[in-house]
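Heads up: the structure comes next, in structure tokens.
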Amino acid sequence: MQKAIQQFIPEAAVSKVFKLLENEDLIVKIKQERKTRHGDYRRFPDGRHQITVNANLNQYRFLITLIHEVAHFETYKNYGFKVKPHGKEWKYTFQRLMLPFINPDIFPNQLLPLIAQHFKSPKASSDTDVNLALALKQFDEPNNKTYIFEVPLGSTFKLYNNRVFKKGNKRTKRYECVEIATGKLYLFSPNAEVEVIN
């Protein structure tokens, strides 16, 4: 497991990550890309715990996602399942686990202030932090995807499942988009990645 993970994270983070994963009941699996999540945590009835992380993430997003899921594991160990999945106990645990990694040996200088800001009160997904998501995207392999907030008003775009939408106005946080085939209105996060058609 450790050798597999080593190739997905910054070299300077390897020993710290291995220390976090020293638990015989914890399994880490690296998965092919899943469109709806970067990673997840599960507890099995036999007492084993499993973390999965997508293989297609850049090394910085992979590390943040891995620590996010380890925080779920640690939160369960310390508080059980009676707490909210992304409640104050998880936030505290995530902050505590992430703190040793927030340094210039592991993350590029341009990411550090954004990561520090994000971890004042971490969200359920780093993707909901528009500034951090955009900064992390620059380390991704090039693709033809664009964030919703970058798509011009009235433009059409498609999702990974080829559903086509037209971008509308922004509400408080999300964008109204109409599905062309059905006329139904959907709300999109500003940093949902889509492929612009025109």
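The values are calculated or read from the model by the stated rules, or taken from the named source; none is laboratory data. Nothing here was measured: the structure is a model prediction, and the numbers come from that model. Heads up, the Cβs are rebuilt from the backbone with ideal geometry, glycines too, and the neighbour counts pull from every protein chain shown.
In this entry, Asp105 passes the filter for residues that are surrounded by fewer than 16 Cβ atoms within 10 Å (Cβ to Cβ), in contact (Cβ under 8 Å) with a residue 40 or more places away in the chain and either within 18 Å of Asn191 (Cβ to Cβ) or in contact with a helix residue (DSSP H, G or I) (Cβ under 7 Å, 6 or more places away or on another chain) (or both).
Name the residues in the stretch 19-34 that are farther than 12 Å from Glu74 by Cβ, touching a Leu at 6+ places or on another chain (Cβ under 9 Å) and surrounded by 14 or more Cβ atoms within 10 Å (Cβ to Cβ), would you? Of everything in the stretch 19-34, just one residue is farther than 12 Å from Glu74 by Cβ, touching a Leu at 6+ places or on another chain (Cβ under 9 Å) and surrounded by 14 or more Cβ atoms within 10 Å (Cβ to Cβ), namely Val28.
Residue check: Arg43 meets all listed conditions (1) of a type outside the set (Gly, Ala, Ser); (2) in contact with a helix residue (DSSP H, G or I) (Cβ under 9 Å, 6 or more places away or on another chain); (3) under 24 Å from Tyr160 (Cα atoms) but one, namely (3). Out of the residues in the stretch 38-48 that are under 14 Å from the mean Cα position of the chain (by Cα) and of a type outside the set (Ser, Thr, Tyr), which is surrounded by the most Cβ atoms within 10 Å (Cβ to Cβ)? In this case the residue turns out to be Gly39. Scanning the stretch 175-198 for residues that are out of contact with any strand residue (DSSP E or B) (no Cβ under 6 Å at 6 or more places or on another chain), of a type outside the set (Lys, Arg) and without any contact (Cβ under 8 Å) to a residue 24 or more places away in the chain returns Ala181, Thr182, Gly183, Leu187. Taking the criterion of being touching an Asp or Glu at 6+ places or on another chain (Cβ under 8 Å) and assigned to a strand (DSSP E or B), the residues of the stretch 38-48 that qualify are Gly39, Asp40, Tyr41.
Every residue, every condition in (1) surrounded by 18 or more Cβ atoms within 10 Å (Cβ to Cβ); (2) more than 19 Å from Leu132 (Cα to Cα); (3) touching an Asp or Glu at 6+ places or on another chain (Cβ under 7 Å), yes or no:
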position: Thr36; (1), (2), (3): no, no, no
position: Gln50; (1), (2), (3): no, yes, no
position: Asn58; (1), (2), (3): no, no, yes
position: His68; (1), (2), (3): yes, no, no
position: Ala71; (1), (2), (3): yes, yes, no
position: Lys77; (1), (2), (3): no, yes, no
position: Phe81; (1), (2), (3): no, yes, no
position: Gly87; (1), (2), (3): no, yes, no
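When you scan the stretch 83-91, do you find a residue that is touching a residue at least 24 places away in the same chain (Cβ under 8 Å) and either in the same structural domain as Tyr175 (by TED's automatic domain parsing) or in a loop (DSSP other than H, G, I, E, B) (or both), even just one? Yes; the residues of the stretch 83-91 include at least one that is touching a residue at least 24 places away in the same chain (Cβ under 8 Å) and either in the same structural domain as Tyr175 (by TED's automatic domain parsing) or in a loop (DSSP other than H, G, I, E, B) (or both).
Of all the listed residues (Thr172, Thr156, Thr146), the sole one being loosely packed, with under 14 Cβ neighbours inside 10 Å and either in contact (Cβ under 8 Å) with a residue 60 or more places away in the chain or over 15 Å from the mean Cα position of the chain (by Cα) (or both) is Thr172.
Each row is one residue, and each column tells you yes or no for (1) within 17 Å of the chain's Cα centre (by Cα); (2) surrounded by fewer than 16 Cβ atoms within 10 Å (Cβ to Cβ).
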residue	(1), (2)
Leu114	yes, no
Lys123	yes, yes
Lys166	no, no
Thr182	no, yes
Ala192	yes, no
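From the list Thr65, Thr128, Thr52, the one residue that fits, being touching a residue at least 40 places away in the same chain (Cβ under 8 Å), in contact with a strand residue (DSSP E or B) (Cβ under 6 Å, 6 or more places away or on another chain) and under 25 Å from Glu193 (Cβ atoms), is Thr65.
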